[in-house]
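The values are calculated or read from the model by the stated rules, or taken from the named source; none is laboratory data. Worth saying up front: this structure is predicted, and the values here are computed from it rather than measured. Positions of Cβ are generated from backbone atoms using ideal geometry, with glycine treated the same way; all protein chains shown enter the neighbour counts.
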Amino acid sequence: MKDVDMIKKQLNHRSIRHYKDEPLDAEIIDVLLQVANASATSNGLQSYSMIIVDDPIKKDKLAAIARQDYVRDIPFLVLFVVDAHRNTAILNQHGVMDTTLDSMTVFFQGFSDALIGAQSMVSGAEALDLGTLYIGGVLNDPQALIDMFALPQLTMPILALGIGHPKQIPAIKPKMPLVERVFVNEYQHQSNYKEALQSFNEALKGYVDLRAPNQPGVDFVTRLKKKNASVNQKRDAILSVIQAQGFDINNRKDEI
Ligand SMILES: Cc1cc2nc3c(=O)[nH]c(=O)nc-3n(C[C@H](O)[C@H](O)[C@H](O)COP(=O)(O)O)c2cc1C
């Protein structure tokens, strides 16, 4: 295989949670936004928007919502927002008042488009030796985001992405063996995950998470059990916020 630099950098991915106090060049920001904008988009509809957050007070609030202090110090922060509002307004301004962009299909188109745009930005940033961090924690309080960013009906925040010059080099976090995740033509059931994941679990025990460098690594099963036992009430309320934003996600007429 060709010695492709970008692939090497993608295989070298690790989330970066601490950054140098150094802003990104305007030129780099522009390139990263262009990269997201150039990505594939369902039906060509581009049903998402990006909100750059450079107001320190808003960054503070995002860190508080995500309950992660390091968020406030990330030099470049973008909030990804599912956006059917813009296309509805475009229709309205062209005389079409009977609109249907509140559908579940459009919501999921916007959701997947936004994630594809975000990951394009991540790959672009990593190609430039920048660090990146997804911050799903902002969804602890989606209504607070809606209020803070004046998000209109038919929009929904889904994820924040942080980018900057890394101040740390964490270890690469071990991932599950591909054989457990890649199937050919049909799903393969694994009857003995205890055995199949043994070396992966061992590798994770040796992984040092720089958020808690003195604690022993946590294996996958322990992490999964913890997740399984925790219920985040605010996260569970997301569906009702999506509906309150005007998306008719139970729409039975909807087609996929
Ligand atoms: C959708 C999504 C949301 C995430 N949210 C957070 C977050 O709120 N805070 C955080 O520190 N890391 C977050 N992460 C990063 C993951 O914890 C990280 O990708 C995972 O542990 C694997 O580590 P790695 O990225 O270093 O390979 C998120 C990742 C994804 C894909």
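Give the residues of segment 193-205 that are out of contact with any helix residue (DSSP H, G or I) (no Cβ under 8 Å at 6 or more places or on another chain) and either within 17 Å of GLY217 (Cβ to Cβ) or part of a loop (DSSP other than H, G, I, E, B) (or both), sorted by residue number.
GLN198, SER199, GLU202, ALA203, LYS205
Give me a count of the residues in segment 1-33 that are in contact (Cβ under 8 Å) with a residue 12 or more places away in the chain and within 16 Å of the ligand (Cβ to nearest atom).
10
Kindly state which helices (runs of 4 or more DSSP H) lie completely within segment 2-70 and contain at least 3 residues that are of a type in the set (Lys, Arg).
Once the helices (runs of 4 or more DSSP H) in segment 2-70 are filtered for at least 3 residues that are of a type in the set (Lys, Arg), what remains is 56-66.
Could you give every pair whose Cβ atoms fall below 8 Å, whose first residue belongs to segment 46-74 and is closer than 24 Å to GLN168 by Cα and among the aromatic types (Phe, Trp, Tyr), and whose second residue is buried (at least 18 other Cβ atoms within 10 Å of the Cβ) and at pLDDT 95 or above, counting only separations of at least 6 or pairs across chains?
So the pair list comes out as TYR70/ARG17; TYR70/ALA63.
Kindly establish whether GLN190 is part of a loop (DSSP other than H, G, I, E, B) and touching an Asp or Glu at 6+ places or on another chain (Cβ under 8 Å).
yes
Counting only residues that are at pLDDT 90 or above and of a type outside the set (A, V, I, L, M, F, W, C), which one in segment 208-234 is farthest from PRO174 (Cα to Cα)?
It comes out as ASN228.
May I ask you to say which residue of SER15, SER39, SER49 is touching a helix residue (DSSP H, G or I) at 6+ places or on another chain (Cβ under 6 Å), under 27 Å from GLY137 (Cβ atoms) and of a type outside the set (Asp, Glu)?
When all the criteria are applied, what remains is SER39.
I'd like the full set of residues that are at pLDDT below 90 and not in a loop (DSSP other than H, G, I, E, B), limited to segment 235-256.
ARG235, ASP236
Which numbered condition in (1) within 13 Å of the ligand (Cβ to nearest atom); (2) at pLDDT below 95; (3) surrounded by 12 or more Cβ atoms within 10 Å (Cβ to Cβ) is the only one that MET176 fails?
(2) is the only condition that MET176 fails.
If a residue has to be surrounded by 10 or more Cβ atoms within 10 Å (Cβ to Cβ) and away from the ligand (no atom under 12 Å from the Cβ) to count, how many in segment 195-211 make the cut?
10
Go through segment 132-162 and give me each residue that's surrounded by 19 or more Cβ atoms within 10 Å (Cβ to Cβ) and more than 10 Å from the ligand (Cβ to nearest atom).
Within segment 132-162, ASP141, PRO142, LEU145, ILE146, MET148, LEU151, LEU154, THR155, MET156, PRO157 meet the criteria.
Kindly establish whether GLN188 is surrounded by 12 or more Cβ atoms within 10 Å (Cβ to Cβ) and among the polar types (S, T, N, Q).
Judged against the criteria, GLN188 is not a match.
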